[in-house]
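Student: The structure under discussion is supplied below as structure tokens; questions concerning it will follow.
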Amino acid sequence: MKLMLQKRINSWFTHFQKYFFKYKDGFFELTCLLNTPEALVESLKKMPFNKYDDKNQIITCNNFFLDAEVHFQELDEGLWLIYVDNYYKTNLSFKIIYDEYLPAEYYSLSYHLLENKLFKNKSPENSDIQYENETWSLTKPKATYIDSHLKESRMKILTVFFTEKWLTRNVFNDLRFENNNFKKFFDNEEQKYIVWSGSPEFKNIEYQSIIDNVCEKGNKGVANVLDLKFRVYKYIQEFFLTENENLNLDAKLSVSDVSKQLKVENFLIENLKDKFVGVEFLSKKFGISPTKLKNDFKEAYGMSLLQYFQRKQMELAKELIEFKNFKISDLALKFGYENPSKFSRAFLKHNGKLPSFYKRKD
């Protein structure tokens with residue numbers, strides 16, 4: 001009897017956690033109840049600082065922490081879609097929690113598009129320069145993790161929730177899945193969460209068309225649910241059945257370690273405009289020993305911190321030259337290179353061509 005009472009008290013506390021926040025390691029931490037997508041939506045509706053538009057099925061939020069818009073739609077038995085557009089006003093983390101007395105059988109597949117404004121304090125002509133970084137995550141039921149975001153960044157998150165029953169009916173039965181790299185993840189009972197960044201395998205999936213579809217409203221919620229359902233079915237099948245042998249889906253990191261590396265990655269993306277700050281600086285900032293930081297980052301992203309930073313920096317440089325017509329000498333200076341020649345060599349190494357190849361001929 002005493003044990004049962006303690007469990008009910010713990011369950012009560014779990015539900016009330018979502019109304020509180022704490023400050024830890026430079027981030028405000030909010031909690032989200034995620035037994036099911038429906039439970040998540042209902043908890044967001046009831047939060048005192050959120051507004052719910054019943055006709056359009058949109059939850060909006062504008063407070064000290066963030067400016068957010070949440071769109072959602074149940075598409076099938078065991079299949080939900082939630083799209084979130086967040087602008088973070090402060091460093092913010094979301095801790096995922098579960099109620100042990102409620103069912104929790106949903107997997108989730110998320111596409112994250114991070115938008116950072118760069119050169120914020122520079123000249124007005126550079127004020128609109130943004131950099132986008134794509135990340136994907138896949139979680140199993142009851143996977144607890146912390147999702148962290150930096151101040152003044154914008155994150156668009158498209159998440160499909162599905163049960164194992166739905167996935168078996170629509171993906172696992174396909175013979176192409178038998179030799180698929182994702183099968184290792186689903187077969188591994190200990191691995192609960194994976195994340196990977198910048199994968200060319202998924203560049204051709206039409207994320208934006210799904211986002212546009214879920215944001216187009218009719219008399220009650222999404223205007224064309226059938227079309228959205230078709231697009232999401234196609235998206236999931238293309239995602240799980242595409243060639244993906246090069247993806248590192250069996251990383252040995254714990255959920256806690258993955259969360260820390262996501263914070264490190266976000267910081268690197270936020271600071272592409274400057275020189276690489278160094279392992280020692282990152283170690284102190286995020287409270288991870290230098291050796292563990294280097295090993296865990298390489299385990300998560302398949303390359304060193306410096307290699308990752310330079311790759312992302314050169315991806316940004318290519319965009320600025322090709323679409324913003326930046327001068328090569330200006331970019332060399334902005335990115336902390338001693339001279340344009342050293343910058344050009346680094347650019348060639350990562351992009352396969354010299355910066356002059358992408359320079360617009362006016």
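Yes/no matrix, rows are residues, columns are (1) out of contact with any Lys or Arg (no Cβ under 9 Å at 6 or more places or on another chain); (2) buried (at least 16 other Cβ atoms within 10 Å of the Cβ); (3) in contact (Cβ under 8 Å) with a residue 24 or more places away in the chain:
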residue: Glu38; (1), (2), (3): yes, no, yes
residue: Glu42; (1), (2), (3): yes, no, no
residue: Lys55; (1), (2), (3): no, no, yes
residue: Ile59; (1), (2), (3): no, yes, no
residue: Asn62; (1), (2), (3): no, no, no
residue: Lys89; (1), (2), (3): no, no, yes
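Student: Going residue by residue through the range 178-199, is there one that turns out to be farther than 23 Å from Gly78 by Cα, in contact with a strand residue (DSSP E or B) (Cβ under 6 Å, 6 or more places away or on another chain) and modelled with pLDDT of 85 or more?
Tutor: Scanning the range 178-199 turns up no residue that is farther than 23 Å from Gly78 by Cα, in contact with a strand residue (DSSP E or B) (Cβ under 6 Å, 6 or more places away or on another chain) and modelled with pLDDT of 85 or more.
Student: Across the range 72-87, what is the number of residues that are open to solvent by 20 Å² or more (accessible area, probe 1.4 Å) and farther than 18 Å from Ile59 by Cβ?
Tutor: Matching residues across the range 72-87 total 2.
Student: If the requirement is being more than 27 Å from Asn351 (Cα to Cα), modelled with pLDDT of 80 or more and polar (S, T, N, Q), which of these qualifies: Asn224, Asn271, Asn295?
Tutor: Residue meeting the stated conditions: Asn224.
Student: Which ones in the range 174-214 are open to solvent by 50 Å² or more (accessible area, probe 1.4 Å) and closer than 30 Å to Asp53 by Cβ?
Tutor: If the condition is that a residue be open to solvent by 50 Å² or more (accessible area, probe 1.4 Å) and closer than 30 Å to Asp53 by Cβ, then Glu206, Gln208, Asp212 are the ones that fit.
Student: Another one. Scan (1) open to solvent by less than 40 Å² (accessible area, probe 1.4 Å); (2) farther than 15 Å from Tyr101 by Cβ; (3) modelled with pLDDT of 55 or more; (4) touching a helix residue (DSSP H, G or I) at 6+ places or on another chain (Cβ under 8 Å) for the single condition Lys18 breaks and write down its number.
Tutor: Checking Lys18 against (1) open to solvent by less than 40 Å² (accessible area, probe 1.4 Å); (2) farther than 15 Å from Tyr101 by Cβ; (3) modelled with pLDDT of 55 or more; (4) touching a helix residue (DSSP H, G or I) at 6+ places or on another chain (Cβ under 8 Å), the one that fails is (3).
Student: Quick one: which of Lys349, Lys312 is open to solvent by 20 Å² or more (accessible area, probe 1.4 Å) and modelled with pLDDT of 85 or more?
Tutor: Lys349
Student: Right, here's the next one. Based on what the data block shows, is Phe281 under 30 Å from Lys342 (Cα atoms), open to solvent by 10 Å² or more (accessible area, probe 1.4 Å), at pLDDT 80 or above and in a helix (DSSP H, G or I)?
Tutor: yes
Student: Also: Mind listing whichever residues of the range 317-327 are open to solvent by 40 Å² or more (accessible area, probe 1.4 Å) and modelled with pLDDT of 85 or more?
Tutor: Lys318, Lys327
Student: It is to be established whether one or more residues within the range 144-152 are open to solvent by 20 Å² or more (accessible area, probe 1.4 Å), outside any helix (DSSP H, G or I), at pLDDT 80 or above and under 20 Å from Leu79 (Cα atoms).
Tutor: No.
Student: Looking only at strands (runs of 3 or more DSSP E) that fall completely inside the range 20-79, which ones have 1 or more residues that are within 30 Å of Lys165 (Cβ to Cβ) and not basic (Lys, Arg)? Let's see the steps before the verdict.
Tutor: On the way: elements: 21-24, 27-33, 50-53, 58-62, 66-76.
Result: 27-33, 50-53, 58-62, 66-76.
Student: I'm told Asp99 meets every condition in (1) assigned to a loop (DSSP other than H, G, I, E, B); (2) out of contact with any helix residue (DSSP H, G or I) (no Cβ under 8 Å at 6 or more places or on another chain) except one. Can you identify the failing condition by its number?
Tutor: In the conditions (1) assigned to a loop (DSSP other than H, G, I, E, B); (2) out of contact with any helix residue (DSSP H, G or I) (no Cβ under 8 Å at 6 or more places or on another chain), Asp99 misses (2) alone.
Student: Scan the helices (runs of 4 or more DSSP H) fully inside the range 310-362 and keep the ones with 1 or more residues being under 28 Å from the mean Cα position of the chain (by Cα) and within 25 Å of Leu114 (Cα to Cα). Explain how you work it out, then say what you get.
Tutor: Details: elements: 328-334, 340-351, 355-358.
Correct list: 328-334, 340-351.
Student: Next question, about the same structure. Looking only at residues in the range 291-309 that are open to solvent by less than 40 Å² (accessible area, probe 1.4 Å) and part of a helix (DSSP H, G or I), which one is nearest to Ala332 (Cα to Cα)?
Tutor: For the range 291-309, the residue satisfying everything is Phe309.
The values are calculated or read from the model by the stated rules, or taken from the named source; none is laboratory data. Just so it is clear, the structure is predicted and the values come from calculations on it, not from any experiment. Ideal geometry is used to build each Cβ from the backbone, glycine not excepted, and the neighbour counts take in all protein chains shown. Only protein heavy atoms, including side chains, enter the accessible area calculation; ligands, DNA and RNA are left aside. Shrake-Rupley method; radii C 1.70, N 1.55, O 1.52, S 1.80 Å.
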